[in-house]
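Undergrad: Take this structure, written in structure tokens, and hold onto it; I'll ask about it next.
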Amino acid sequence: MQSERVTSRKMVTVRRGDGGARRELLGGWRNPGAVYDRGRALRQVAPHADHDHPPVGTDRPSVLDHVAASNAGRLAHLVPLRTGRMIASPFAFYRGTAGLMAADLAGRPVSGLSAQICGDAHAANFGLYGAADGTIVMDVNDFDETLVGPWEWDLKRLAASLVLAGRVGGVSERGCRDAAEDAVRSYRLVVAHLARRPFLESWNALPDERVISRARADALLDDFARASAKARRNTSAKVAARWTRQVDHATWRFVENPPVLTHVDAATAEAVAEGLVAYVDTLRESRRNLITRYTLSDVAFRVVGTGSVGLRCYVALLHGNGDEALVLQVKESRPSSLAPHLGAPPVEHEGRRIVEGARLAQAETDILLGWTTIDGRPFIVRQFRNMKGDIDPTRLRRDHLDDYGRLAGALLARAHARSIDPRLLAGYCGEQEDRTTLDEAVARFAVRYADQTERDHAELVRAVRDGRLPALAED
């Protein structure tokens, strides 16, 4: 079946009988009911029940082979630190193995509807950050793996991650499964809601505190309020106060904290500085004058995340008006681990792929998000602390985990609806208020995939204990 993919449209001139002309998008106006019916017809190709499939793909590599392949090209001295973080729990392992799940999902039933997917939509990749006007929003916030692909891959990754996060937090098996099932149900109902709204309204839907009520996740209001209050204090000024020192009236430097934050040599600092000059041109035009008002003071190396450990990642300290500080993150970009399993062609610049994916999927994107090239390697550049915050899914009780699943499902639906017609997606998913076969099928798969992930994690732990893989534990 030929998939519905994210495409650009061209303007065409349509001649009227009176000799006049009007401009409209290629294809013209489409009856909403007919679009919905097209999506519904896809259930004959991939019935909802088909999403309850075996967890392991036929071409999946072994766990150790996958980990070794994913470590290729990383800084060798940091690979043991990455392994140490991955063995912390099955959920931590899952966070570092998006490519392994892609191998398992390749060839499985899909509707044929494609979106700009996150590619790694696990429960910890939904976070809070500040919009340009200071509003705290919550959205998908990691696009390292983003590509055009089956929306089902994101939804299944989210559902399985909720089961794993709940198990780490001591939630009952029933509670974990309910969280996964409710995430799918919320996704489905929000898609149906957006399909009925005016295009501009659905496009500009802002994922702020109001989305909690719409997702029926009211138990999270206190969690959101606490995370939001913390996020408002999480700024470049706070980073500068904790991580830097003033050398003289015009010079500031980062303070080392090995192995997480370390100085770089002069050649690396110069290369990053040159990369930042080139980065300016990738910003949207209205922001270029803003960034050029700042002065670069220092560059350091900083280790981040789980899947990103071992990549080249720098922080750049800039100063603006008086003692104003701005800290940018300059992070190496690698090809999406989903690309081989989606048959995606190579892209011209991996940083640009990530930035353009985020700009399309997020309701509000960091105004300083851009890309550059340093020493022949692609990077993205963004604010390091842009009022960022999170709600840790592994620390949620059952009722809160269930609500978190509904919230994350709603946010994922809104993200997908920016690159795929929500009317098509609603036609495939259905609009019933009660649970449907789709909800139950994905939840059953999520439980089995969580079981498989626990086995995979145990295999990695054994390899570390047997001395086959070095791992560095953190204090």
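The values are calculated or read from the model by the stated rules, or taken from the named source; none is laboratory data. Keep in mind that this is a model prediction, so the values were computed, not measured. Note that each Cβ is placed from the backbone with ideal geometry, even for glycine, and that neighbours are counted across all protein chains shown.
Undergrad: Do we have residue 367 as in contact (Cβ under 8 Å) with a residue 60 or more places away in the chain and either among the β-branched types (Val, Ile, Thr) or within 30 Å of residue 114 (Cα to Cα) (or both) here?
TA: yes
Undergrad: Looking only at region 284-300, filter to residues that are surrounded by fewer than 22 Cβ atoms within 10 Å (Cβ to Cβ) and among the hydrophobic types (A, V, I, L, M, F, W, C); which one of those is nearest to residue 75 (Cα to Cα)?
TA: 296
Undergrad: Just to be sure before I move on: is residue 348 free of Cβ contacts under 8 Å to residues at least 12 places away in the same chain, within 30 Å of residue 112 (Cα to Cα) and not assigned by TED's automatic domain parsing to the domain that holds residue 81 in the structure I sent?
TA: So residue 348 fits the description; yes.
Undergrad: In addition: Would you say residue 359 is under 21 Å from the mean Cα position of the chain (by Cα) and crowded, with 19+ Cβ neighbours inside 10 Å?
TA: Judged against the criteria, residue 359 is not a match.
Undergrad: Would you point out the residue of region 245-264, among those that are under 29 Å from the mean Cα position of the chain (by Cα) and in contact (Cβ under 8 Å) with a residue 60 or more places away in the chain, that is farthest from residue 322 (Cα to Cα)?
TA: 259
Undergrad: Only residues that are assigned to a helix (DSSP H, G or I), under 17 Å from residue 403 (Cβ atoms), of a type outside the set (A, V, I, L, M, F, W, C) and touching a residue at least 60 places away in the same chain (Cβ under 8 Å): list them for region 141-176, please.
TA: 161, 166, 175
Undergrad: Show me the helices (runs of 4 or more DSSP H) found entirely inside region 312-416 where at least 1 residues are farther than 21 Å from residue 94 by Cβ.
TA: In region 312-416, 350-361, 398-416 are the helices (runs of 4 or more DSSP H) which contain 1 or more residues that are farther than 21 Å from residue 94 by Cβ.
Undergrad: Moving on. Among the residues of region 275-295, is any assigned to a strand (DSSP E or B) and closer than 30 Å to residue 82 by Cβ?
TA: No, there is no match, as no residue in region 275-295 is assigned to a strand (DSSP E or B) and closer than 30 Å to residue 82 by Cβ.
Undergrad: Moving to a separate point now. Which of the numbered conditions does residue 298 fail, given that it passes all the others? Conditions: (1) within 24 Å of residue 367 (Cβ to Cβ); (2) out of contact with any Lys or Arg (no Cβ under 7 Å at 6 or more places or on another chain); (3) not aromatic (Phe, Trp, Tyr).
TA: (2)
Undergrad: Among the small types (Gly, Ala, Ser) and at pLDDT below 95: does that describe residue 473?
TA: Against the criterion (among the small types (Gly, Ala, Ser) and at pLDDT below 95), residue 473 qualifies.
Undergrad: Let me ask something else. Hey, can you tell me all the residues within region 246-262 that are assigned to a loop (DSSP other than H, G, I, E, B) and farther than 12 Å from residue 317 by Cβ?
TA: Of everything in region 246-262, those that are assigned to a loop (DSSP other than H, G, I, E, B) and farther than 12 Å from residue 317 by Cβ turn out to be 249, 250, 256, 258, 259, 260.
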